[in-house]
Amino acid sequence: MYSGQSGPPRHHHSHGSHASGHRTTVQHHHQHQQPGAPPGADPQVWHWFAAVDTDRSGYITANELQTALINGNGTRFDLDTVKMLMKMFDTDHNGTIGFQEFTGLWKYIADWQQVFLRFDRDRSGSIDGRELTEALRSFGYNLSPPLLTLIEQKYASGPTSGYGPPPGITFDRFVRACVTIKTLTDSFQRFDTDRDGWIQISYEQFLTMILSTP
Amino acid sequence: MSYGYGGYGGPPAPPGYGAPGGYGGGFVPAHAPPPPGADPQLWSHFIAVDQDRSGAISAVELERALVNGNWTPFDLDTVKLLMNIFDTDRSGTIGFNEFAGLWKYIKDWQNVFAHFDRDRSGTIDEQEMRNALGQFGYNLSPQLMHLLQMKFASDLRTTGRAANGISFDRFVRACVVVKQITDSFRRLDTDRDGWVQINYDQFMHTVLSLP
């Protein structure tokens, strides 16, 4: 039975200025002065925007974003997570992230960094099965143990080797896992109008729900 | 069509157009002498992938060995899909016998990919995807085809609302996803009326089991 009423991330941390020093960050390529910060722009966000916009075009391309986003272990964000972020924050659908859009993206990642840090109890830099269970429970999802195992395996940053637990979930895949679970739960609830935990759907609806997940 | 490997004992790689290790994607070519008893070509590829000479291929070794036509590494979810299918003894590694199956699977998919990549772009566009799925017996609505293409497109660049092409790794994953969803749906649709009753736990299980 589901009970995921509110989705992650929860915003009970102050935001805005944690740029680096934590496990996951926007990679800082070039230390250069960027002229022309828009009036009222947060100087730190502008600074990072300029650092990610390596060709100084005034906007961030998907490739620039993918180059800039790295996990705590130094790996790049996976393509599906970068695509998810572009889809969320390229609100004018022009294929790039302008400064206003970047401000939203920046806050989103900073908020998720806080969530990630909060649940990475053992400070391993990745989320293991127990940490994942706690995170999803705190978001309001009451998932069965077999389902939690399945999620742990699906989003693990590598295949399960032998009989041990799968490798942990890196930041990029953790965010994608949480967004996917929220998206699926929300679409299930939309169909479950009488709230009995069962829905009746067609093949077309089923596929649409699945293919709409990041 | 050819999926030539440049490796020992293999046919020469197709000149110019083409991919490292085969059309669309595949293994990085190898050079190694074949030991007696094993299919020489297969063995040479196996030991080339087994870089630490442990006698088995780890996920990391597999990930390093598999590249698309444009030399990008296979995405992690596709590597995990392959490990899931072919690590039949669940050892966490691919032994030589398991490798034989994996090898054939990739070669077969290379042929499929080459067949449907009509414009020889090295990726599968929406029309090519429609043809491929149609041939496999899946007739998805235009809306679903578009969603599928957006989800599996490999290139981040967006040109308006058009989705970009799908590279080899993601093409295999997309096809497996469509097959698996359809199979699950049919299993649930016991009275064959095109509708299923499903509870939350079943629903989540079905979706999260997809590669």
Which condition does A:THR183 not pass, out of (1) more than 8 Å from chain B (Cβ to nearest Cβ); (2) in a loop (DSSP other than H, G, I, E, B), if it passes all the others?
(2)
Mind checking which residues of region B:143-189 are open to solvent by 10 Å² or more (accessible area, probe 1.4 Å), among the β-branched types (Val, Ile, Thr) and modelled with pLDDT of 95 or more?
B:VAL176
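For every residue, the table says whether it meets (1) among the basic types (Lys, Arg); (2) within 14 Å of chain A (Cβ to nearest Cβ); (3) surrounded by fewer than 19 Cβ atoms within 10 Å (Cβ to Cβ); (4) in a loop (DSSP other than H, G, I, E, B).
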{"site": "B:TRP43", "(1), (2), (3), (4)": "no, no, no, no"}
{"site": "B:GLY55", "(1), (2), (3), (4)": "no, no, yes, yes"}
{"site": "B:GLU63", "(1), (2), (3), (4)": "no, yes, no, no"}
{"site": "B:ASN70", "(1), (2), (3), (4)": "no, yes, yes, yes"}
{"site": "B:THR78", "(1), (2), (3), (4)": "no, yes, no, no"}
{"site": "B:LEU81", "(1), (2), (3), (4)": "no, yes, no, no"}
{"site": "B:ASN84", "(1), (2), (3), (4)": "no, yes, yes, no"}
{"site": "B:ARG90", "(1), (2), (3), (4)": "yes, yes, yes, yes"}
{"site": "B:GLY101", "(1), (2), (3), (4)": "no, no, yes, no"}
Of the residues in region A:55-71, how many are more than 14 Å from every other protein chain (Cβ to nearest Cβ) and buried (at least 18 other Cβ atoms within 10 Å of the Cβ)?
1
Filter region A:160-172 for residues that are over 15 Å from A:THR149 (Cα atoms) and either under 17 Å from the mean Cα position of the chain (by Cα) or buried (at least 20 other Cβ atoms within 10 Å of the Cβ) (or both) and give the result.
A:THR170, A:PHE171, A:ASP172
Within region A:41-80, track down each residue that is in contact with a strand residue (DSSP E or B) (Cβ under 8 Å, 6 or more places away or on another chain), part of a helix (DSSP H, G or I) and within 26 Å of B:PHE74 (Cβ to Cβ).
A:ALA62, A:LEU65, A:GLN66, A:THR67, A:ALA68
Can you report the number of residues in region A:19-54 which are open to solvent by 50 Å² or more (accessible area, probe 1.4 Å), more than 18 Å from A:ASP172 (Cβ to Cβ) and at pLDDT 60 or above?
10
Taking the criterion of being within 17 Å of B:LEU208 (Cα to Cα) and not in a helix (DSSP H, G or I), would at least one residue in region A:123-142 satisfy it?
yes
Single unsatisfied condition, A:ASN142 versus (1) under 16 Å from A:THR180 (Cα atoms); (2) open to solvent by less than 50 Å² (accessible area, probe 1.4 Å)
(2)
Can we say B:ASN139 is of a type in the set (S, T, N, Q), under 30 Å from A:THR185 (Cα atoms) and modelled with pLDDT under 95?
yes
Can you pull out every residue in region A:173-190 that is more than 15 Å from the chain's Cα centre (by Cα) and open to solvent by 40 Å² or more (accessible area, probe 1.4 Å)?
A:ASP186, A:ARG190
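Go over the candidates B:ARG130, B:ARG192, B:ARG118, B:ARG173 one by one and state the one that is within 12 Å of chain A (Cβ to nearest Cβ) and over 15 Å from the mean Cα position of the chain (by Cα).
Of the residues listed, the single one that is within 12 Å of chain A (Cβ to nearest Cβ) and over 15 Å from the mean Cα position of the chain (by Cα) is B:ARG192.
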Cβ-Cβ under 7 Å, sequence separation 6+ or interchain: first residue in region A:188-203 and facing chain B (nearest Cβ under 7 Å), partner exposed (fewer than 14 other Cβ atoms within 10 Å of the Cβ) and in a strand (DSSP E or B). Which pairs?
A:TRP198/B:GLN197; A:GLN200/B:GLN197
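Tally time: how many residues in region B:103-122 are of a type in the set (S, T, N, Q) and open to solvent by 20 Å² or more (accessible area, probe 1.4 Å)?
Taking region B:103-122 as the starting set, the residues that turn out to be of a type in the set (S, T, N, Q) are B:110-111, B:121.
When the remaining residues are screened for being open to solvent by 20 Å² or more (accessible area, probe 1.4 Å), the result is B:111, B:121.
Residues flagged as of a type in the set (S, T, N, Q) and open to solvent by 20 Å² or more (accessible area, probe 1.4 Å) within region B:103-122 amount to 2.
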Determine which single condition B:GLY165 fails, assuming it passes every other condition in (1) facing chain A (nearest Cβ under 8 Å); (2) farther than 16 Å from B:THR78 by Cα; (3) touching a strand residue (DSSP E or B) at 6+ places or on another chain (Cβ under 7 Å).
(1)
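For region A:72-96, which residues satisfy the criterion of being among the acidic types (Asp, Glu) and open to solvent by less than 50 Å² (accessible area, probe 1.4 Å)? Give the steps one after another, and end with the answer.
At the first step, the residues of region A:72-96 found to be among the acidic types (Asp, Glu) are A:78, A:80, A:90, A:92.
Residues satisfying the conditions are A:ASP78, A:ASP80, A:ASP90.
The values are calculated or read from the model by the stated rules, or taken from the named source; none is laboratory data. Computed from a predicted model, the values in this text were never measured in an experiment. All Cβ positions, glycine included, derive from the backbone under ideal geometry; neighbour counts span all protein chains shown. Heads up: the accessible areas ignore ligands, DNA and RNA and are worked out on the full protein's heavy atoms, side chains in. Shrake-Rupley method; radii C 1.70, N 1.55, O 1.52, S 1.80 Å.
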